[in-house]
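In what follows, a single structure is set out as structure tokens and then discussed.
The values are calculated or read from the model by the stated rules, or taken from the named source; none is laboratory data. Not measured: the values here are computed from a predicted model. Counting neighbours? That spans all protein chains shown, and the Cβs are built from the backbone with ideal geometry, glycine included.
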Amino acid sequence: MIRRRLGLIAFVVIAGCIASLYWASSYVHVYRSSEVIQVEQPKIDDELAPSTVGASSARRLQLIEQKLMARANLQNMIDKYGLFSNLEALRPSEKVNLLRQSVSITGVAAAREGFADDGTISVLTITVDLEDPVIARDVAHDFAERTRALMREQRQEQTAATLAFFERQEEQILTALAALENEIETFRKDNDITVEGGLQFRLTEIGQLNESILELDRGIIAAQLARTQIDRSARQSTIERAERDIDTQLATLTEQRSLLTERRDALRASVQSSPETQRQLDAFERRREQLQAQLETISARRSDAEVGATLEAASQGERLTTLEEAQVPDYPITMSRKKRAILGGGASVALAIMLAWLLELRRPVIRSARQMERETGVTPVVSIPELEAKFGSSKWRQRREKRRAAGKAGRAARIARQTS
């Protein structure tokens, strides 16, 4: 088969080798450069100084990766380093897609503590595949720098936003407390409430006033009895002095009793005539207690937010440090041109043989006794090979036969002349 299809095979092999050489020479090598970043945990334990930065490091790094792979950032990188300048036919969007495919960011999860996965990343690897090894190194380093900057800005913005939020909440609660105090004071003035305290306090004070009035009544009765028990047989001046003392004591006790009675009556009037006022005061008191509880909670959280902001300002929180800086790659990651040429040549030979075999299948001819027996099951008795002229031309064979016939006729004529 190879002998019969040698022309086709040679043509396909030669054309394939030429195409392989062109393919190998026109192929551009790709170089890979990587920078490894370590995610360091906070230097101070969270139990001692809790951080206000929420979510896991994996989720925050995912958000950073989305920002890095944004169209504007990639376009800025292309313009900065002049990437894909040799591909003038590409549109800007296609160049952005090429760079997005050339850059990969992978993270390695930290070791678990127990069975819980807290989403912590220990190592982040930024890999860049480009045609120029130096530019690949520079782009990988630039991506790493932007990752660290975005991580730092993200943490600082989050801590600052948290602190500002709790400060605003605290100011709002303090303002609400001041407004409530003013409202309570205005309500007391409008309803002429001068007694501090609630209903229970007033009832207790009324009970104490009743006891005091009872003691005063006892004192008045005792003074009146003492007046009746004055010795009238004594001197007139002594009797008058004793009466004056008793009258003074009675006047004092009576005045005190009047004051206490007025106070008690005022308290009784406020208790009996203002149940709605008391309910309103109780509502004010509940609101004040709620605001004070909220203020205590917000103040504690604001203190934690201040600690977190201080940690981030002093770079004591979670940080990204370079574990292995990007280097200029020594060798490309793609196949060498020699291997590509050899691979193309081998493929050309395989293709040529396959084409020759397919052409043989199109004309199934029995060419040997063994093939005859294999295909039909009949063993041939005689196998006569095809005889062809040595020099292959049919016209040349005809001229040779004519010369032979002419030679035989000439020899026959000479023999006839000799015998005669």
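Just a few scattered comments:
- Qualifying residue in region 28-35 (condition: modelled with pLDDT under 90 and loosely packed, with under 14 Cβ neighbours inside 10 Å): yes
- Matching entry among Ser237, Ser233, Ser270 (being at pLDDT below 80, assigned to a loop (DSSP other than H, G, I, E, B), assigned by TED's automatic domain parsing to the domain that holds Thr186 and not β-branched (Val, Ile, Thr)): Ser233
Let's see how each residue does on (1) of a type in the set (Ser, Thr, Tyr); (2) assigned to a helix (DSSP H, G or I); (3) crowded, with 17+ Cβ neighbours inside 10 Å; (4) in contact with an Asp or Glu (Cβ under 8 Å, 6 or more places away or on another chain):
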| position | (1), (2), (3), (4) |
| --- | --- |
| Ile126 | no, no, yes, yes |
| Ala136 | no, yes, yes, yes |
| Ala140 | no, yes, yes, yes |
| Ala144 | no, yes, yes, yes |
| Gln169 | no, yes, yes, no |
| Thr175 | yes, yes, no, no |
| Ala179 | no, yes, no, no |
| Asn182 | no, yes, no, no |
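- Taking each residue of region 10-22 that is assigned by TED's automatic domain parsing to the domain that holds Lys339 and looking for partners that are crowded, with 17+ Cβ neighbours inside 10 Å and among the hydroxyl-bearing types (Ser, Thr, Tyr) with beta-carbon atoms closer than 8 Å, six or more apart or interchain, yields Val12/Ser348; Val13/Ser348; Ala15/Ser348; Gly16/Ser348; Cys17/Ser348; Ala19/Ser348; Ser20/Ser348.
- Scanning region 141-189 for residues that are among the hydrophobic types (A, V, I, L, M, F, W, C) and under 24 Å from Ser34 (Cβ atoms) gives Phe143, Ala144, Ala149, Leu150, Met151.
- Residue ID - modelled with the lowest pLDDT, chosen from residues in region 282-319 that are exposed (fewer than 12 other Cβ atoms within 10 Å of the Cβ) and hydrophobic (A, V, I, L, M, F, W, C): Ala314
- Contact map, region 60-78: first residue in the same structural domain as Lys95 (by TED's automatic domain parsing), second residue of a type in the set (Asp, Glu) and assigned to a helix (DSSP H, G or I), Cβ cut-off under 9 Å, separation 6 or more or different chains; pairs are Met77/Asp142.
- Every condition in (1) at pLDDT below 80; (2) of a type in the set (S, T, N, Q); (3) within 30 Å of Tyr31 (Cα to Cα) holds for Ser368 except the one numbered (3).
- Test: residue in region 107-128 that is on the phi > 0 side of the Ramachandran plot, assigned by TED's automatic domain parsing to the domain that holds Thr162 and at pLDDT 80 or above: no
- Of Thr334, Thr322, all but one fail to be at pLDDT 80 or above and under 20 Å from Ser34 (Cβ atoms); the exception is Thr322.
- Subset of region 160-211 that is modelled with pLDDT of 85 or more and acidic (Asp, Glu) - its residue that is nearest to Gln256 (Cα to Cα): Glu211
- Per-region count, region 86-104, residues of a type in the set (Gly, Ala, Ser) and within 20 Å of His141 (Cβ to Cβ): 2
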